[in-house]
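Okay, so here's the structure we're looking at.
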Amino acid sequence: MSVVLNFKSHLSELFAQALREVAPELSKNGSGQTEILIERPKLATHGDYACSLAMQLAKPLRKAPRDIAQALIAALPESDVIERLEIAGAGFINVFVTIAAKQHVVHGVLQAGAGYGHIHLGAGRKVGVEFVSANPTGPLHVGHGRGAAVGDCLCSVLHAAGWNVTREFYYNDAGVQIDNLTRSVQLRCMGIAPDHPDWPEAGYRGDYIADVANAYLARETVDADDQHVQGSGDVNDAEAIRHFAVAYLRREQDLDLRAFGVNFDVYSLESALYTDGKVKETVDRLIASGHTYEQDDALWLRTTAFGDDKDRVMRKSDGTYTYFVPDVAYHLDKWRRGFTRVINEQGADHHSTITRVRAGLQALDAGIPQGWPDYVLHQMVTVLKNGEEVKISKRAGSYVTLRDLIDEVGCDATRYFLAARHPDSQLVFDIDLAKSKSNDNPVYYIQYAHARISAVLAQWGGERHALLQADVGLLDSEYETALLQRLIDYPQVIENAALELAPHLVAFYLKELAADFHSYYNASRFLVDDAAVKLARLALIAAAAQVIHNGLALLGVGAPERM
RNA sequence: GCGCCCGUAGCUCAGCUGGAUAGAGUACUUGGCUACGAACCAAGGGGUCGGGCGUUCGAAUCGCUCCGGGCGCACCA
């Protein structure tokens, strides 16, 4: 017999069959589009799963929900999984799953190992995820950290859900901001500091600018990507300064990201879009499309024809392009690289680019679907230090860098903290709390569960292979059934997180899994005299440890054996 | 003024495509280490889900509106 572990889809199929019998005209095979929703009730007394189909059918069938429920149950095919069925409340059908069916999950997890939780939702399709994409004009700050944590975790979740994921970073290494950077470094080289009356309004004021200037003057060599850039020390050579400063800051960002455990598959440079003609090609295509016009010595794109609230300048009156043009060229390039799905993870302060980029892509008339690409926007991070909000301003040089957080709070806790919230909600990062009372951080609670299990298994000292022989039929206490059900839920969590592009769901799931384990731990002994009971319990907690390990891996957080 | 996001326990936050009595953590009160790690567990109090109207058998969830907060509204990125 085949082992069913995905109870939700199994039950969904059973009810679909029942529906075809009870009300064929409303089933999916008929003209109807009735969705079969199987949910997990909050209360254990309401069963393991519940179906509200009868209530949905009440109106179209003009019958009482409870009567429909009765008919559905009568028409439901037999299944080993179902212990019993109940009609409750207004017409819920509550399903109680047999303990035997749940117990299978232990061997399922142990056999699948790191593969438990991998599903086929993505069916191997390509998805390109762009995240962080910070300008090389300064160190990465907390906001970038959130983007890095959310983006990287999202990629891991999508990978687990069966997508072929490419992580991508886009460098805006051209344009006005880089000019400002260059000028700022040059002034520093000449001994002019931000408090000087000649310091430009748009100049960068952070101390790191002085570091860059000193390195340039000292003719240091910077290794960034595949190139080695040496500072010439020539204060008047703006081009050399620009080249050096960008390389210097890119290296700093790369080091920070590496320390944060985030790695990219592809780095794209804005400057390359100019040098290899992709910007020009995009402009030409847009002009040819007939959606552009000249006004006030500038070239405009009629983005209002594609939902934007005002038209956008493409080529400024000074002859240079706005950032928007290479952005469109860049996305056209992504499309051509075969990414029928692209997700851009960015800070919400850039949300206005969404309509613009999509409009530009539509204007190209390149067969790109409306609404492409997808976006995940994370809201702003507020940093609290000494109970006061730290204002972050790159130009003023007021900073909470990602590096600071990693050094002071630790990589695991920082990643967890930044990824464990819905991207849509604003995040308050209390540095003092995270630093001084780091034990309060839920990441330790989860890691502790893993370490505890490791300690018990080490004390047992047996071969991991032996656990596969465990008689899981002995697992039937309330703590054990709760843990079994939690392990069964894991693939569903991956699916939801992937569908909703909401990696924080994994973090919350892990907290609940850890809680189930800790309760079990305090209520039961594992290393008991009865060999069969001992093996069964160890198999269960080993499975729990495996799922904690798998889930933490998605978050980029370690699962230590000791702490 | 226009657009996007948010408003849930004192605080930090969950709540899956609308479902049954709204949940965690923290803080507070109490109890549990001569048992595999107490970075843990158990119990208790704490709520007009910002307000109102609407759709629905059923709304924290969907729609409208008002209030409050954040972020955008450049020939910057």
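For this structure, a couple of remarks:
- Comparison of A:ASP80, A:ASP152 shows that the only residue that is surrounded by fewer than 23 Cβ atoms within 10 Å (Cβ to Cβ), more than 14 Å from RNA strand B (Cβ to nearest atom) and of a type in the set (D, E, K, R) is A:ASP80.
- Checklist (1) modelled with pLDDT of 90 or more; (2) crowded, with 21+ Cβ neighbours inside 10 Å applied to A:ALA23, failing item: (1)
- Of A:LEU121, A:LEU110, A:LEU140, all but one fail to be farther than 21 Å from A:GLY261 by Cα, hydrophobic (A, V, I, L, M, F, W, C) and at pLDDT below 95; the exception is A:LEU121.
- When the residues of region A:256-268 are filtered to those that are part of a helix (DSSP H, G or I) and touching a helix residue (DSSP H, G or I) at 6+ places or on another chain (Cβ under 8 Å), the one that is farthest from A:GLY556 (Cα to Cα) is A:ASP256.
- Unique match (being surrounded by 14 or more Cβ atoms within 10 Å (Cβ to Cβ) and polar (S, T, N, Q)) among A:GLN227, A:GLN253: A:GLN253
- Residue within region A:445-464 that is part of a loop (DSSP other than H, G, I, E, B), more than 28 Å from A:ALA160 (Cα to Cα) and touching a residue at least 24 places away in the same chain (Cβ under 8 Å) present: yes
Rundown of residues vs (1) in a helix (DSSP H, G or I); (2) β-branched (Val, Ile, Thr); (3) surrounded by 22 or more Cβ atoms within 10 Å (Cβ to Cβ), yes/no style:
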residue: A:THR166; (1), (2), (3): no, yes, no
residue: A:ILE178; (1), (2), (3): yes, yes, no
residue: A:ALA202; (1), (2), (3): no, no, no
residue: A:ASN214; (1), (2), (3): yes, no, no
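- The criterion of being away from RNA strand B (no atom under 11 Å from the Cβ) and part of a helix (DSSP H, G or I) holds for A:ALA532.
- Looking across region A:237-276 at every residue that is over 25 Å from the mean Cα position of the chain (by Cα) and of a type in the set (D, E, K, R), the one that is nearest to A:LEU217 (Cα to Cα) is identified as A:ASP237.
- Some residue of region A:509-525 being crowded, with 18+ Cβ neighbours inside 10 Å, in a loop (DSSP other than H, G, I, E, B) and within 16 Å of the chain's Cα centre (by Cα): no
- Subset of region A:490-511 (residues that are within 7 Å of RNA strand B (Cβ to nearest atom) and either under 13 Å from A:ASN550 (Cβ atoms) or of a type in the set (D, E, K, R) (or both)): A:GLU500, A:LYS511
- Whether a residue is farther than 27 Å from A:TYR330 by Cβ, surrounded by fewer than 20 Cβ atoms within 10 Å (Cβ to Cβ), out of contact with any Leu (no Cβ under 7 Å at 6 or more places or on another chain) and without any contact (Cβ under 8 Å) to a residue 40 or more places away in the chain was assessed, and A:HIS159 does not pass this test.
- Boolean, A:SER31 is at pLDDT below 90 and not assigned by TED's automatic domain parsing to the domain that holds A:VAL472: yes
The values are calculated or read from the model by the stated rules, or taken from the named source; none is laboratory data. Note that the structure is predicted; figures quoted are calculated from it, not measured. Please note: Cβ atoms are built from the backbone with ideal geometry, for glycine as well, and neighbour counts cover all protein chains shown.
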